[in-house]
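First comes the structure, then the notes that go with it.
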Ligand SMILES: *Cc1c(COP(=O)(O)O)cnc(C)c1O
């Protein structure tokens, strides 16, 4: 059906033209979301018995629907954690789709999984974890964090003494929202150390010492952050590692955003202690320039992940035949059928070399330093704290929360920039401030200047 009914050549040309235009454009617009009803009014019925035709549907996409997105790779998109996938990675994302690879088992996906594993070896080498450590690509940081914590919990509950217990984990309020979300999914309780700044070993030890006997019995893991999403703060990984070893707790590090910075010599020492983790989350779709979606979870002892996640079923036995032997990504995380989503990363790394990656990450850190300086020299604004990794928190002197909202909205409406407010907690107060997060190495100093100048 789909193989014969369309003019394949024409559609291929259309798609390639669009793709090339899109990824080579430096001036693409920041789009505007629209209500579903508005979009419906623009495009009408598209799913019909006979189909509306590829050319027609593609035109609807170009004319209306593409414009209702806010592309995350725009150089003045500095909100949330933006992205800047390489052209090589995007092109190979097309190859990944065209190759129809089922990436769960080596038997079906050997070639693709081999490439993923080459990229993964490099990622593992960045962490400094001991020999034997390895990981898999996941749909994102949330899935990686969940896979890690389920592994930790299953390992803990292997001990008969803890069989019926509900687990407990400790993290800080600086941790990403997905930690709470995955604790809910895994049905474990979560305790938050009350700091949005660095979680020090001492804060953690105090929290542990204050647990009730029953809570202490239920505690099985600590989650530290290697680059908080809000402010780029790296917890005291060394101090926390020592406590986890002493207290016999699983040590998970969520470096979904910050993991890319392991490449950067300028900040690598801040991650000291990461090599002592039991599991680490890194999102290549954040600071490793991969297209969505591509996260990763790395384990010091992958065998434990396999015990937790390996699926059994008579329909799956064939994959365990001789000749199909190899690494099965499904065994190490929560997903069975999976895209070989590490393949675009592999191609891009192979194309450019890891030095270029390192330079691009260093540039993001440099942009944060430059922005910090500009803010210090501009009388209208001031830094909330020293920039960390590629995050900059700053306030517009005299602004109320609604001023930030209005400014964000105006800039977005003009298609000029997306810079959103956030909150920063000191003591018991939450202050509304503004925030930059730099990922795209093509963001310029002038982009930053123009954004700051718009804060009038
Ligand atoms: C983005 C982020 C996540 C969630 O990752 P997704 O890929 O969005 O699922 C988790 N932790 C941190 C620190 C993050 O920055």
How are the alpha carbon pair distances in the chain distributed across 20 Å bins from zero to the largest one, expressed in percent?
23, 53, 24, 1
Between residue 63 and residue 15, Cβ-based FRET efficiency (R0 22 Å, step 0.05) works out to 0.90
Here the Cα Rg-to-2.2 N^0.38 Å ratio for segment 93-352 is 0.99
Calculate how large, on average over all directions, the projected area of the Cα convex hull of segment 235-330 is; give the answer in nm² to one decimal.
8.4
Only bridges with both residues in the chain count here: give the DSSP antiparallel percent, nearest 5.
60
Could you tell me the calculated FRET efficiency between residue 315 and residue 397, based on Cβ-Cβ distance and R0 = 60 angstrom, to the nearest 0.05?
0.40
Taking 288, 450, 91 and counting other C-beta atoms within 10 Å, the order from fewest to most
450, 91, 288
Computed over the Cα atoms of segment 354-453, what is the ratio Rg over Rh, Rh following Kirkwood?
0.98
Once the piece of chain linking residue 173 and residue 191 is laid out straight, how much longer is it, given 0.36 nm per residue of separation minus the C-alpha distance between them?
5.6 nm
Indicate, rounded to the nearest 5 percent, the antiparallel portion of the DSSP beta bridges found entirely in segment 93-352.
40
What order, most packed first, do the peptides 55-63, 103-111 have when packing is the mean number of other Cβ atoms within 10 Å of each residue?
103-111, 55-63
So if we plug the beta-carbon distance of residue 265 and residue 121 into 1/(1 + (r/R0)^6) with R0 = 25 Å, what FRET efficiency do we get, rounded to 0.05?
0.80
On a full-extension model of 0.36 nm per residue, what is the gain between residue 307 and residue 430, subtracting their alpha-carbon distance, rounded to one decimal in nm?
40.0 nm
Using 7 Å Cα-to-Cβ label points, what is the residue 7/residue 238 separation (nm, one decimal)?
6.6
Which of the three applies to segment 1-93, rounded, prolate or oblate, going by the alpha-carbon gyration tensor with a ≥ b ≥ c and a/c under 1.5 meaning rounded?
oblate
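Please list 80-89, 421-430, 348-357 highest first by mean number of surrounding beta-carbon atoms within 10 Å per residue.
Sorting 80-89, 421-430, 348-357 by mean packing, highest first, produces 80-89, 348-357, 421-430.
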For the pair residue 114 and residue 46, how long in nm is the line joining their label points, each one 7 Å along Cα→Cβ?
3.8
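Where a number appears in this text, it was derived from the coordinates with a stated rule and is not lab data. Remember, predicted model here, so these are calculated numbers, not experimental data. Glycine gets a Cβ as well: all are built from the backbone with ideal geometry, and neighbour counts include every protein chain shown.
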